[in-house]
Amino acid sequence: MSEILAPAGDKNSAFAAINAGADAIYLGLKQFSARSSAENFGVEEFAEIVKTAHLFGVKVYVAMNTLVKNAELENFLRSAAEAWNNGADAIIVSDIFVGKFLKQSFPQICLHLSTQAGVCNAYGARLAREYGFDRVILARETAIEDIREITKIIETEVFVQGALCTCFSGQCYFSSFAGGNSGNRGKCKQPCRKRYSIDRDGFDEYAYRLSLSDLSVGINIDKLIDAGVYSFKIEGRMRRPEYVSAAVGYYKNILSGKSDVRDLSALKRVYNRGNYTSGLAFGQDKNFISSAVQGHIGEFVGVIKVENGKFTVKSDENFSNGDCFKILREGKEVGGALYAGKIKGGFALSCRERLKNGDKAFITTDVALNARLAANKRKIPAKLSVSMLAGKMAKVTINGNNFYGESALEGAKAHPLTVEDIKNCFLKTDKYPYEITFGSIETDGVFMPASSLNALRRAVFGGYFDLITQNNNVKIESKLVIPALNASKNSKTAVICADLNGICADIGILKPNDYSADLYKLTEGFGGQKFLFLPPFMTGAETEKIIPVAESFDGIYCDGLYGIKLAEQLNKPFFAGFGLNLSNNIDVSFCNAEYIALSKELTLEEAKSLSTQNAFLLTAGNIKVMDLIYCPFGKKCKSCDKRNIYTLTDENGRKFPLRRYKTNENCRFEVYNCANLVSSQNFCGALLDFSLEENASIPLGMRGDTEKLKAHYNGNFTRGHTVKPVL
C-alpha cells in the first residue's frame with residue numbers, strides 16, 4: 001500500500017486534490033504554517049474540508065511546522081488541539097521537542113515530523129520514533145540508500161513533485177537576515193530565486209545561481225516503493241488547483257500502471273520550473289539548477305518562424321484563445337506571447353517583443369487542459385432502497401444504513417406516490433457527491449407532499465454524510481502546563497573555527513574544511529573542551545566514517561537532530577547547535593544536551609528568558625544563512641579551483657561568502673550573511689562563529705570590545721535580530 005499526498009493551499013485546491021483521487025491532503029491553518037502566504041484555513045472551513053475528505057476516505061494532515069517562540073506556545077498548543085478535535089488525521093510538527101511534549105501529554109495524537117526537522121539518516125529516524133512520532137517527512141536531500149534504512153525504523157513520507165528549497169530544510173536564514181522575514185516561520189521572501197554572480201570563471205555573470213529546478217521523480221517512484229516509502233508527497237500549497245489535479249493524476253496513473261505521455265505533458269503545462277530534476281535522492285543531475293530561467297517554463301511546442309512581421313509556429317496540435325506562451329532564446333527568457341489563431345500547418349502568436357527565427361515557444365497556460373482538469377469530479381457510490389407503505393414510517397436504506405421518516409404514512413386519496421416520483425426525487429443529490437443507484441423501491445400508493453419528500457431526501461443524505469464522516473478522534477484538552485525555566489547566567493565562551501591551535505576559550509568547536517584530514521593536529525594547542533562540528537546533513541555512510549574521528553574529541557556539536565542519537569551512541573557530551581532552532585521553554589527543557597545554542601532568530605529579550613547555565617547565544621562573528629547539499633557549480637570537478645571561500649554577489653552589490661568544505665568524498669557549501677554579527681549580550685554563554693577567519697585568535701581577542709570588532713569587520717556588521725523581532 002502507498003499514499004499519494006497532495007497540497008491544499010485553499011479550498012479549491014483541496015477539492016481538486018480530492019476529485020483527482022488523492023489518498024491524503026495536507027494543509028495549514030491561519031497560523032503556524034510554513035506556507036503562510038497560502039490562503040490556509042479557518043476552523044469552520046477546515047472542519048468542512050475534513051468531512052468532505054473523509055467522505056472519500058481521504059486523510060487530512062495539518063501542517064503546523066514553524067518555529068514557535070515562548071509568547072506563541074499557548075496559542076500553538078491550543079491550535080494543535082483544535083485541529084485534532086476537528087478530525088485531523090495527523091499534525092505535522094517541525095519542532096521535535098514540542099512534538100515530544102504533545103505526545104507525552106496526549107498519547108492518542110498522531111504526529112508527523114516535518115521535513116523542516118531535517119531527518120536524513122537512521123540516527124534522526126530513531127530519535128523521531130523514540131519521541132513518539134508516527135511518521136517522518138524526510139529531507140529532500142536524503143539519499144536512496146538512507147531512505148531504505150529509515151523505512152525499516154519508521155513510516156516515511158518523501159517529496160516526489162514540486163519546488164525544491166536551495167537550502168537544507170530548517171536551516172535557512174537567508175530571508176531572515178537579508179530581509180527580516182523568516183523562512184522557518186513561514187515568511188520566506190525567496191532570495192534564492194534572485195540573480196547572483198560567483199567569483200569563479202564561467203559563473204561570474206549574473207544568473208539564477210541558487211534557483212533549483214522543480215522536482216519530478218516520475219517513474220523513479222518505483223525505486224522509492226522498493227525502498228519501503230509509504231507516502232509520496234506533492235509540494236505546492238502556493239500552486240493553483242489545476243496543478244494539484246495534474247500532479248495527482250500523473251502519479252496515480254504511474255502507480256496504477258496506466259501512465260501516459262499526456263500525463264507528463266499536462267504536468268509541464270500547469271507548472272514546470274527548469275524542465276525538472278529527479279532530485280538528490282538519486283544524485284545531482286544536469287537539470288538540478290535552473291540558472292537561466294526562473295519561474296514556470298511550461299512545455300516546448302515549437303520553433304518561431306518570422307515571416308512578413310508575423311510570428312508563426314509549425315505544429316499539428318490544436319490551441320485555443322487564451323493560451324499563453326513563454327519564448328526562450330538560447331535558453332533565456334525573452335518575453336511572453338498569446339495564441340493569435342490557427343494557420344496552415346501551425347498557429348500564429350502575438351508578442352510585444354521582437355522575436356527571431358529559431359526562438360523557442362513553450363506553452364504555459366493551456367485553457368482547454370485547465371478546463372478538463374477542473375471538470376474532474378469524484379463520486380461516492382450510493383445504493384438506495386426505499387419502502388413507503390401506508391401505516392408505516394418511510395424507510396430509506398443507503399449502502400446498508402437505514403433512515404426513517406418522522407411519522408407513519410397515510411394512503412393517498414388522490415395523486416398517489418409512484419416509483420418514478422421517488423426515483424426522481426432521490427436522484428437530486430443537492431450538495432452531496434453521491435452517485436445514486438437503486439435497489440428495491442416499494443410503495444402502495446401512499447400520500448406524501450413534494451415538500452415532505454424533499455425534506456426526507458435532505459435528511460437521509462445529510463444523515464448518511466454525518467455517519468460516514470464522523471470524527472472518531474479522542475478529544476484532547478487545549479490547555480497545557482508549559483514547563484518553567486530557572487534563568488541563570490552562563491559566563492563561558494565557545495568558539496567555532498577551522499583550527500583550534502592558538503585559541504583561548506572554554507569550548508573549542510572544530511569546524512574543518514576537510515573531514516578526511518588529520519583533525520587531531522588542528523586541536524593540539526587548545527586547552528579547553530574540544531567539540532567536533534557536524535553539519536546538519538550527513539548521509540549514513542558519512543556518519544559511520546566520522547565516528548572514529550569523533551571518538552577522539554570531548555564531545556560533538558551538531559546542527560542536525562541526528563547528532564543527539566550519535567552522541568548518545570558515542571557516550572559523548574552533545575552541544576545542540578543553532579540548526580536545532582531552540583526557541584521556547586519546551587525546547588530548552590526537553591533538549592537533553594550538555595550545552596545548547598539558542599536560535600539565531602531570537603531577540604536578546606526573547607533569549608534572556610531561555611538563558612540557563614548551559615545556554616549559548618551567537619554573540620559575534622560570521623552568520624551562516626544556508627547549507628547547500630549540492631554543488632552550485634554543477635559538479636564540474638575537473639575545472640574546479642577548489643577554493644575554500646567564494647563570493648556570491650547579488651544585483652545590489654551585496655557580497656555573501658560561499659564556503660566550500662569536504663565530508664570525505666563530497667563537497668558541500670555554506671552561504672554566510674553579507675554582514676557579520678556584533679552583539680553586546682552578557683547574560684548568556686558567548687558563542688562566536690569564526691568559520692571564515694584565517695586566524696580566529698584575532699577577532700577572539702576582541703570579543704569584549706564591540707568597537708574593535710566593528711573595526712575588524714571594516715564597518716560591515718549587523719546586530720542581527722537581537723533588537724528587532726523577526727517576522
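The values are calculated or read from the model by the stated rules, or taken from the named source; none is laboratory data. Small disclaimer: the values here were computed from a predicted structure and weren't measured. Don't worry about glycine lacking a Cβ; one is built from the backbone with ideal geometry, like all the others, and counts go over all protein chains shown. Note: accessible area is taken over every heavy atom of the protein model, side chains too, but ligands, DNA and RNA are not part of it. Shrake-Rupley method; radii C 1.70, N 1.55, O 1.52, S 1.80 Å.
List of remarks:
- A DSSP coil position with no more than 10 other Cβ atoms inside 10 Å describes the following trypsin sites (Lys or Arg not before Pro) in region 397-479: Lys413, Lys431, Lys479.
- When +1 charges are put on Lys and Arg Cβ atoms and -1 charges on Asp and Glu Cβ atoms, the dipole computed for the chain relative to its Cα centre reaches about 1600 debye.
- A simple rule links phi to the HN-Hα coupling: the Karplus curve 6.51 cos²θ - 1.76 cosθ + 1.60 with θ = phi - 60°, which for region 508-524 gives x, 10, 7, 10, x, 7, 8, 6, 8, 6, 7, 6, 4, 4, 7, 10, 4 Hz, with x for Gly and Pro.
- Region 287-332 - Rg (one decimal) and Dmax (whole number), Cα, Å: 12.8, 39
- Zone of Ser407's modelled label, taken as backbone nitrogen in region 435-461 under 14 Å from a point 7 Å along Cα→Cβ: 447-449, 452-453
- Exposure ranking of Arg129, Arg659, Arg352 by accessible area [1.4 Å probe, largest first]: Arg352, Arg129, Arg659
- Between the beta carbons of Glu333 and Ile219, assuming R0 = 25 Å, the FRET efficiency works out to 0.30 to the nearest 0.05.
- In this structure the amide hydrogen of Ser290, modeled in the peptide plane, comes within under 5 Å of the amide hydrogens of Ser211, Leu212, Ser213, none closer than 5 places in sequence on its chain.
- Modelled FRET efficiency - R0 30 Å, Cys640 with Glu544, Cβ distances, 0.05 increments: 0.65
- Accessible surface ranking for Thr418, Thr397, 1.4 angstrom probe, highest first: Thr418, Thr397.
- Ligands, DNA and RNA are left out, and with a 1.4 angstrom probe the accessible area of the chain is 41 Å² per residue.
- Dimensions of the chain based on its C-alpha atoms, expressed as ranges along the principal axes with the largest first, amount to 106, 76, 44 Å.
- Solvent exposure ordering (accessible area, 1.4 Å, most first) of His712, His296: His712, His296
- Using a simple spin-label model with pseudo-atoms 7 Å out from Cα toward Cβ, Gln470 and Gln108 lie 1.4 nm apart.
- In order along region 91-96, the phi-based Karplus estimate (6.51 cos²θ - 1.76 cosθ + 1.60, θ = phi - 60°) of 3J(HN,Hα) comes to 10, 8, 10, 9, 8, 5 Hz; Gly and Pro are listed as x.
- Computed from the C-beta positions of Ala368 and Glu568, the FRET efficiency with R₀ = 51 Å rounds to 0.30.
- One decimal place: the segment Val419-Ser609 gains 61.1 nm when fully extended, by the rule 0.36 nm per residue minus the C-alpha distance.
- Using the Karplus relation 6.51 cos²θ - 1.76 cosθ + 1.60 with θ = phi - 60°, the per-residue 3J(HN,Hα) values for region 424-435 come to 4, 5, 7, 6, 7, 9, 6, 8, 8, x, 8, 10 Hz, with x marking Gly and Pro.
- Estimated inter-spin distance, Ile698 and Val261, nm [label 7 Å along Cα→Cβ]: 6.2
- Among the GluC sites (Glu not before Pro) in region 143-240, those located in a DSSP loop and surrounded by at most 13 other Cβ atoms within 10 Å of their own Cβ are Glu205.
- Between Asn308 and Lys395, the simple spin-label model (points 7 angstrom out along Cα→Cβ) gives 7.9 nm.
- Relative packing of 86-96, 220-230, which averages over residues the other C-beta atoms within 10 Å, highest first: 86-96, 220-230
- Peptide packing: for 567-580, 370-383, 260-273, the average count of neighbouring Cβ atoms within 10 Å per residue gives the ranking 567-580, 260-273, 370-383, highest mean first.
- Loop-resident sites, region 588-687, for chymotrypsin sites (Phe, Trp or Tyr not before Pro), counting at most 15 other Cβ within 10 Å (DSSP): Phe683
- By accessible area, using a 1.4 Å probe on protein heavy atoms only, the chain has 47% of its surface on carbon and sulfur.
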